[in-house]
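Notes to accompany the following structure.
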Number of protein chains: 2
Amino acid sequence: MIDEIDTQILTILQSNARTSNADIARDVGMAPSAVLERVRKLERRGVITGYEARLNPEAIGLGLTAFTFVKTEEPVGATDTGEALSAIPGVMEVHYAAGSAAYLIKVRVSGPKALADLLKEIGRLPTVRDTNSTVVLQTVKETGIMPISRNTAEEA
Amino acid sequence: MIDEIDTQILTILQSNARTSNADIARDVGMAPSAVLERVRKLERRGVITGYEARLNPEAIGLGLTAFTFVKTEEPVGATDTGEALSAIPGVMEVHYAAGSAAYLIKVRVSGPKALADLLKEIGRLPTVRDTNSTVVLQTVKETGIMPISRNTAEEA
DNA sequence: CCTGAAATTCGAGGCTT
DNA sequence: AAGCCTCGAATTTCAGG
């Protein structure tokens, strides 16, 4: 169960994972150690799965983002292709999609040349039939911060 | 410029944004304060754009992920539709896509009913012509952690 | 969930290049 | 000037109540 205070803590940590316990404690009206205890519990329960520093992709030479549908001919339930795609550097997300028996992947690369190389690499996977890419021209919003609505959350 | 030590620091902070400076210092062979100084500089230069706690979407009642192409009929260069989409709760990413004058958005909702509601809301935007959604059945990989290759990085 | 002690943070100031 | 180090007060975090 996620109560009102957990919700506040999660909201704060989503927008700044390095917020001090003292600051959180002030906002929620508790002692810092109690906040820490709740955070640890949320981690153990798998509600918080990690803390990531978010980087500016362009600053590290990854100026091109693309989404690619990868159509496969593997038996349903097989995950080999998904694992193989996940292992390729620059592949940020791999989702198995309803509908067209395909994976939808999000990739970040340095530019068009690198994207071509990556697509060629994917095309060499034995189970891959073809790919269909959408190149991103401009990213308006990109966040991992999720809206938290208390009532929809898990039961014990 | 991002040197070898910055690369190490960024790699560590990407996989765990709450790693203590003392721990990082041990790994890179420097004093904690020097690590802190480098981190602050990376923040000021915009290489590190933030720190996010990553949550398990299912734990907060967001069990359904989908990607939706939103076809618009707004003039090129306009960003109104993108802003409107960004403001909708559950919309995590909004990218303007090459090719079909469309936005590609990533959404998280509680289930099919919520997705239908969200698509209806999008359909009501005056500039939106139609939408085309791909529902995610299974997510194999989902990370914001980017591979860092020193040589491709920015110059001064 | 709160008190108290050990570890850590992060500023100021000094040293080396 | 730039970068790293040492030191010390404030904070984090762990143990115990």
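Equivalent-ellipsoid semi-axes for the protein assembly as shown (Cα gyration tensor, √(5λ), whole Å, largest first): 31, 26, 20. Residue A:129 sits with roughly 150 Å² accessible to a 1.4 Å probe, with DNA, RNA and ligands left out of the calculation. I need the Debye-formula profile for chain A: one equal scatterer per C-alpha, no solvent, reported as log10 I(q)/I(0) at q = 0.14, 0.17, 0.19 1/Å, two decimals. Evaluating at q = 0.14, 0.17, 0.19 Å⁻¹ gives log10 I(q)/I(0) of -0.86, -1.00, -1.09. The charge dipole of chain B, taken about its Cα centre with unit charges on the Cβ atoms of Lys, Arg (+1), Asp and Glu (-1) only, comes to about 300 debye. Per-residue mean of foreign Cβ neighbours for B:38-44 is 1 (Cβ atoms of other chains, 10 Å radius). Note on chain A: with neighbouring protein chains present and a 1.4 Å probe, carbon and sulfur make up 52 percent of its accessible heavy-atom surface. Here is the size of segment B:58-135 from its Cα atoms: Rg then Dmax, 12.1, 40 Å. Comment: the Cα-to-Cβ extended label point of residue B:111, at 7 Å, lies 4.9 nm from its counterparts in the other copies, nearest first.
Coupling constants for segment A:33-44 follow from the phi torsions by the Karplus curve (6.51 cos²θ - 1.76 cosθ + 1.60, θ = phi - 60°), and in residue order they are 5, 5, 4, 4, 4, 5, 4, 4, 5, 5, 5, 5 Hz; glycine and proline get x. Scanning chain B for the Cβ atom closest to the axis that brings B onto A yields residue and whole-Å distance B:17, 2. In percent, rounded to a whole number, the relative contact order of segment A:1-133 is 22, using alpha-carbon pairs under 8 Å and six or more apart. Multiplying the residue separation of residue A:127 and residue A:3 by 0.36 nm and removing their Cα-Cα distance gives an extension gain of 40.1 nm. The dipole here belongs to segment A:58-135: it is taken about the Cα centre, uses +1 on the Cβ of Lys and Arg and -1 on the Cβ of Asp and Glu, and is about 200 debye.
Ranked from shortest, the separations from the 7 Å Cα-to-Cβ label point of residue A:31 to its equivalents in the other copies are 3.5 nm. Rounded to whole numbers, the Karplus 3J(HN,Hα) couplings from phi for segment B:110-116 are 6, x, x, 4, 5, 5, 4 Hz, using 6.51 cos²θ - 1.76 cosθ + 1.60 with θ = phi - 60°, and x at Gly and Pro. Taking segment A:39-63 and a reference point 7 angstrom along Cα→Cβ of residue B:56, the backbone N atoms nearer than 19 Å belong to A:39-52.
Taking amide H as placed 1.01 Å from N in the peptide plane, residue B:55 has its amide H under 5 Å from the amide H of A:49, each at least 5 places away in sequence or on another chain. Computed extension length for residue A:135-residue A:79: 17.6 nm, one decimal, from 0.36 nm per residue of separation with the Cα-Cα distance subtracted.
Normalised by the number of residues in segment B:4-52, the average gap of Cα pairs under 8 Å and 6 or more apart makes the relative contact order 31 percent. For residue B:5, inter-copy separations between label points set 7 Å beyond Cα along the Cβ vector come to 4.1 nm, shortest first. Peptide A:56-68 shows a mean partner chain C-beta count of 6 within 10 Å per residue C-beta.
Panel note: the C-alpha atoms of segment B:4-52, placed on their principal axes, show extents of 25, 19, 17 Å (largest first).
The values are calculated or read from the model by the stated rules, or taken from the named source; none is laboratory data. Note that the coordinates shown come from a computational prediction; the quantities given were computed from them, not determined experimentally. Glycine also receives a Cβ, built like all others from the backbone with ideal geometry; neighbour counts cover every protein chain displayed. With ligands, DNA and RNA removed, areas are computed over all heavy atoms of the protein, side chains included. Shrake-Rupley method; radii C 1.70, N 1.55, O 1.52, S 1.80 Å.
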